[in-house]
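Read the structure below first, then the notes.
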Amino acid sequence: MSGTDMWTVATIAGLTIVTVLTRALFFLPAKPWPLPRWLEAGFRYAPIAALAAVVFPEIAMTGGHLITTWQDARLFAAAVATVWFVVRRGLLGTIVAGMAVYLPLHLALGW
Amino acid sequence: MRRCRARRHRDPILQSVLRHPQLRVGALDMALVTPGLAAWGVMTGVAMVKSGMSAVELTLMALFVYAGSSQLAALPLIAAGAPMWVILATSTCINLRFVVFSAHLRPYVAHLPAGQRALRGYLFADLNYGLFIRRFPQPATDAEGVAAQDAYWLGNGVSCWLVWSTSSLVGAALAATIPEAWGLGFAGVLALLGTMVMLATTWQRLAAAVVAGAVAIAAFALPLKLNILVAIAAAIAAGVVLERAPGAVAAPEPEEEHP
């Protein structure tokens, strides 16, 4: 571990402010802000889109590039986890089922 | 301090929230997803150590920043000495989905004072959003319902914060013994994946998710993680167009979103 750097501490403070401001932006004003029309469409699609935009690259990319092999533990784990959630509707089972597929493929086969 | 405590004891809203059974229900719902969350936190702790942060720095980050995906994105930028504005802009882009959540959830917290509203927002990460909206699709209209929703929010949010900060610090302490190659952090991706499927309640939303995923991958090379913003914009456009597609139901939103 290296020494504590005030620039890094300031960056961490900035990141904390970003967390509060983004999570509470529409909570902060005392009166409700009128919602623009585009934001109503945003209500319907942005949350799932943001999660997909984070999740898909985590599953199908390595080192900034789309994977070119099907021998990747993440693909199988994600498929099993998705099916599990659709059938059983439980997040814990989804994570356990996905990791039960991921860890053997990843650690034993090196996928 | 003393005045604060006296005031807290007299605060009837907070008193009823802290005694409310929904506080435990919220904590129990979080307990069910704790294995995935904790594994993700542990790997974030490992990543903080591996990026060369000092014990003070990583403890501050684990306790205060409380935003897993933006933390993980910020680490390589901090290690590389990127300009602070680039790091904060990247974090803001990744967190933009929370702005949408906050617009959606405002009716649930509008009765609270400003400081309490900010605290409720701080405690509200992806998993909390998915769990809360599934349990409370509509804001309550009576005092009992409002107290129940707020108690659930606090129980769910505080336990999430405790699991996250504890597991991050445990991960930092164990960093030397857990190789990143094990890939335990993938449990966090699976937790986000489950939350995503939970939100896929109409076929237009499912299509929007696929569009967002494809665009996020195609535009991955953009700086500041702007691929995420571009993907969200494309998915909203796709969703709006698909709502007007022939054969689409006129009102594709029978459930939660519009209070």
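The values are calculated or read from the model by the stated rules, or taken from the named source; none is laboratory data. Just so we're clear, the structure is a prediction, and the values are computed from it rather than from any experiment. As a convention, Cβ positions derive from the backbone with ideal geometry for all residues, glycine included, and neighbour counts pool all protein chains shown.
I'd like to verify a number: residues in the stretch A:72-111 that are on the phi > 0 side of the Ramachandran plot and not basic (Lys, Arg), how many? Spell out the reasoning first.
Looking only at the stretch A:72-111, we keep the residues that are on the phi > 0 side of the Ramachandran plot, and these are A:89, A:110.
Keeping just the survivors that are not basic (Lys, Arg) gives A:110.
Within the stretch A:72-111, residues that are on the phi > 0 side of the Ramachandran plot and not basic (Lys, Arg) number 1.
If you take the residues of the stretch B:119-146 that are farther than 24 Å from residue B:193 by Cβ and surrounded by 18 or more Cβ atoms within 10 Å (Cβ to Cβ), which of them is farthest from the chain's Cα centre (by Cα)? Outline the logic, then answer.
As a first pass, look at the stretch B:119-146 and keep what is farther than 24 Å from residue B:193 by Cβ: B:119-122, B:138-146.
Subset that is surrounded by 18 or more Cβ atoms within 10 Å (Cβ to Cβ): B:119-122, B:146.
Details: B:119: 14, B:120: 12, B:121: 10, B:122: 9, B:146: 22 Å.
The extreme case among them is B:146.
Looking only at the stretch B:97-128, how many residues end up being at the interface with chain A (Cβ under 7 Å from one of its Cβ atoms), closer than 26 Å to residue B:231 by Cβ and in a helix (DSSP H, G or I)?
Of the residues in the stretch B:97-128, 12 are at the interface with chain A (Cβ under 7 Å from one of its Cβ atoms), closer than 26 Å to residue B:231 by Cβ and in a helix (DSSP H, G or I).
Restricting the stretch B:160-204 to residues that are touching a Gly at 6+ places or on another chain (Cβ under 7 Å) and small (Gly, Ala, Ser), which is farthest from residue B:112 (Cα to Cα)?
Among residues in the stretch B:160-204 that are touching a Gly at 6+ places or on another chain (Cβ under 7 Å) and small (Gly, Ala, Ser), the one farthest from residue B:112 (Cα to Cα) is B:175.
Among the residues of the stretch B:39-64, write down those that are more than 10 Å from chain A (Cβ to nearest Cβ), touching a Gly at 6+ places or on another chain (Cβ under 9 Å) and surrounded by fewer than 24 Cβ atoms within 10 Å (Cβ to Cβ).
The answer is B:47, and nothing else.
Based on what the data block shows, is residue B:22 in contact with a Phe, Trp or Tyr (Cβ under 8 Å, 6 or more places away or on another chain) and either farther than 20 Å from residue A:14 by Cα or part of a helix (DSSP H, G or I) (or both)? Don't jump to the end; show me each part of the working.
Details: in contact with a Phe, Trp or Tyr (Cβ under 8 Å, 6 or more places away or on another chain): yes; either farther than 20 Å from residue A:14 by Cα or part of a helix (DSSP H, G or I) (or both): yes.
Yes; evaluated as a whole, the condition is true for this residue.
Residues checked against (1) facing chain B (nearest Cβ under 7 Å); (2) closer than 24 Å to residue B:133 by Cα; (3) modelled with pLDDT of 95 or more; (4) surrounded by fewer than 24 Cβ atoms within 10 Å (Cβ to Cβ):
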| position | (1), (2), (3), (4) |
| --- | --- |
| A:66 | yes, no, no, yes |
| A:71 | no, no, no, yes |
| A:76 | no, no, yes, yes |
| A:79 | no, no, yes, yes |
| A:82 | yes, yes, yes, yes |
| A:89 | no, yes, no, yes |
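Can you pull out every residue in the stretch B:171-206 that is aliphatic (A, V, I, L, M), within 14 Å of residue B:45 (Cα to Cα) and either touching a Lys or Arg at 6+ places or on another chain (Cβ under 6 Å) or not in a helix (DSSP H, G or I) (or both)? Break it down stepwise before answering.
Initial filter on the stretch B:171-206 (aliphatic (A, V, I, L, M)): B:172-176, B:178, B:181, B:184, B:187, B:189-193, B:196-200, B:206.
Retained after the next criterion (residues that are within 14 Å of residue B:45 (Cα to Cα)): B:172-176, B:178, B:184.
Answer for the stretch B:171-206, where residues must be aliphatic (A, V, I, L, M), within 14 Å of residue B:45 (Cα to Cα) and either touching a Lys or Arg at 6+ places or on another chain (Cβ under 6 Å) or not in a helix (DSSP H, G or I) (or both): B:174, B:175, B:176, B:178, B:184.
Among (1) modelled with pLDDT of 90 or more; (2) more than 24 Å from residue A:14 (Cβ to Cβ), where does residue B:134 come up short?
Failed condition: (1).
State whether one or more residues within the stretch B:147-156 are out of contact with any Lys or Arg (no Cβ under 8 Å at 6 or more places or on another chain) and within 11 Å of chain A (Cβ to nearest Cβ).
no
Within 7 Å of chain A (Cβ to nearest Cβ) and assigned to a loop (DSSP other than H, G, I, E, B), is that true of residue B:36?
Details: within 7 Å of chain A (Cβ to nearest Cβ): yes; assigned to a loop (DSSP other than H, G, I, E, B): no.
The answer is no for residue B:36.
Name the single residue that is surrounded by the most Cβ atoms within 10 Å (Cβ to Cβ) among those in the stretch A:38-49 being under 20 Å from the mean Cα position of the chain (by Cα) and hydrophobic (A, V, I, L, M, F, W, C). Spell out how you get there, then give the answer.
Let us first name the residues in the stretch A:38-49 that are under 20 Å from the mean Cα position of the chain (by Cα), namely A:42-49.
Pick out the ones that are also hydrophobic (A, V, I, L, M, F, W, C) and you get A:43, A:46, A:48-49.
On the way: A:43: 18, A:46: 26, A:48: 27, A:49: 33.
Result: A:49.
Residue under question is residue B:58, and the condition is that it be modelled with pLDDT under 85 and in a helix (DSSP H, G or I); does it hold? Show your work before the answer.
Working: modelled with pLDDT under 85: no; in a helix (DSSP H, G or I): yes.
The answer is no for residue B:58.
Looking at (1) modelled with pLDDT of 90 or more; (2) crowded, with 20+ Cβ neighbours inside 10 Å; (3) within 30 Å of residue A:105 (Cβ to Cβ), can you tell me which one residue B:199 breaks?
Just one mismatch for residue B:199, condition (1).
Within the stretch B:234-247, which residues are part of a helix (DSSP H, G or I) and more than 7 Å from chain A (Cβ to nearest Cβ)? Working first, answer last.
Initial filter on the stretch B:234-247 (part of a helix (DSSP H, G or I)): B:234-243.
Residues satisfying the conditions are B:234, B:237, B:238, B:241, B:242, B:243.
Working only within the stretch B:207-233, note down all residues that are more than 8 Å from chain A (Cβ to nearest Cβ) and either at negative phi or not in a helix (DSSP H, G or I) (or both).
Initial filter on the stretch B:207-233 (more than 8 Å from chain A (Cβ to nearest Cβ)): B:207, B:218-219, B:222-226, B:229-230, B:233.
Within the stretch B:207-233, B:207, B:218, B:219, B:222, B:223, B:226, B:229, B:230, B:233 qualify.
Could you tell me how many of the residues in the stretch B:65-91 are facing chain A (nearest Cβ under 8 Å) and surrounded by fewer than 20 Cβ atoms within 10 Å (Cβ to Cβ)? Let's see the steps before the verdict.
Quick first cut of the stretch B:65-91, residues facing chain A (nearest Cβ under 8 Å) only: B:65-67, B:69-71, B:74, B:78, B:84, B:87-88, B:91.
Next, only the ones that are surrounded by fewer than 20 Cβ atoms within 10 Å (Cβ to Cβ) stay: B:84, B:88.
Qualifying residue count, the stretch B:65-91: 2.
Report, by residue number, each residue of the stretch A:1-37 that is facing chain B (nearest Cβ under 7 Å), assigned to a helix (DSSP H, G or I) and buried (at least 16 other Cβ atoms within 10 Å of the Cβ).
Passing the criteria: A:8, A:11, A:12, A:14, A:15, A:16, A:18, A:19, A:20, A:22, A:23, A:24.
Residue check, residue B:106 against (1) over 27 Å from residue A:99 (Cα atoms); (2) surrounded by fewer than 20 Cβ atoms within 10 Å (Cβ to Cβ), all met but one. Which one?
Going through the list (1) over 27 Å from residue A:99 (Cα atoms); (2) surrounded by fewer than 20 Cβ atoms within 10 Å (Cβ to Cβ), residue B:106 breaks only (2).
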